[in-house]
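What follows is calculated from the coordinates using simple rules that are stated; it is not laboratory data. As the structure is a computational prediction, the values presented were derived from the model and not from experiment. Cβ coordinates were reconstructed from backbone atoms using ideal geometry, including for glycine residues, and neighbour counts include every protein chain displayed.
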Amino acid sequence: MTTDHLRHLGKPSSMPNSPEEAQLDRVPNPHPDTMFVARFTQPEFTSLCPVTAQPDFAHLVIDYVPDEWMVESKSLKLFFNSFRNHQAFHEACTVGIGKTLVELLNPHWLRIGGYWYPRGGMPIDVFWQHGQQPEGVWVPDTGVAGYRGRG
């Protein structure tokens with residue numbers, strides 16, 4: 001596989017200032033004839049509250065069943081990092097990331113879970129999916145427990 005068309009893999013890349021500036025790359029699925037789940041976990045996702053500009057933290061889990069394309073991981077990391085100075089509500093970040101990946105990849109199925117740490121004493125978890133989980137595909141539990149505080 002040639003990587004000449006990729007903007008980040010194997011090349012120096014600077015941090016994008018916003019999700020709108022971030023450029024996601026995709027690579028061909030090496031097994032387009034096989035249904036399998038690819039998972040990306042970002043346990044240290046950060047964005048900014050759109051009201052107070054204070055940092056918000058989340059643990060993101062993305063599962064998808066690729067069709068012809070898969071997301072290239074370095075570009076995805078840069079995309080995630082582009083939210084660090086981006087002001088948006090939890091729902092906008094979580095669902096927006098999911099929709100961006102669906103537009104780029106056109107997967108058979110994709111789900112994203114955003115497990116947000118408490119803001120104002122209350123955690124807000126956001127879940128979104130595109131399509132129906134294909135029958136017979138093993139999708140493990142996300143492994144992220146609901147927020148329980150210190151108890």
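Of the labelled figures (i) 103; (ii) 167; (iii) 118, only one reflects volume of the Cα convex hull per residue in Å³ as derived from the coordinates, namely (iii). The sum of -39500 (n - 2.57) across all DSSP H runs of n ≥ 4, divided by the residue count of the chain, sets its helix-only mean residue ellipticity at 222 nm to -5000 deg cm²/dmol. Highest mean packing first, where packing is the average number of other Cβ atoms within 10 Å per residue, the peptides 94-105, 112-123 line up as 94-105, 112-123. Of all DSSP beta bridges confined to the chain, the antiparallel ones make up roughly 95%. Taking a sphere under 12 Å around the Cβ of G98 and counting the other residues whose Cβ falls inside, with K and R at +1 and D and E at -1, yields a net charge of -1.
Residues whose amide H lies under 5 Å from that of R26, counting only those 5 or more places away or on a different chain, are E72; hydrogens are built 1.01 Å from N in the peptide plane.
Would you please classify the overall shape of the range 96-151 from the alpha carbon gyration tensor, given that a ≥ b ≥ c denote the square roots of the eigenvalues, rounded means a/c under 1.5, and beyond that prolate means a/b larger than b/c while oblate covers the rest? Oblate, because a/c is 1.5 or more while a/b does not exceed b/c. Structure remark: mean-square fluctuation, Gaussian network model of the chain, C-alpha springs under 10 Å; the largest value among H108, H86, H31 belongs to H31.
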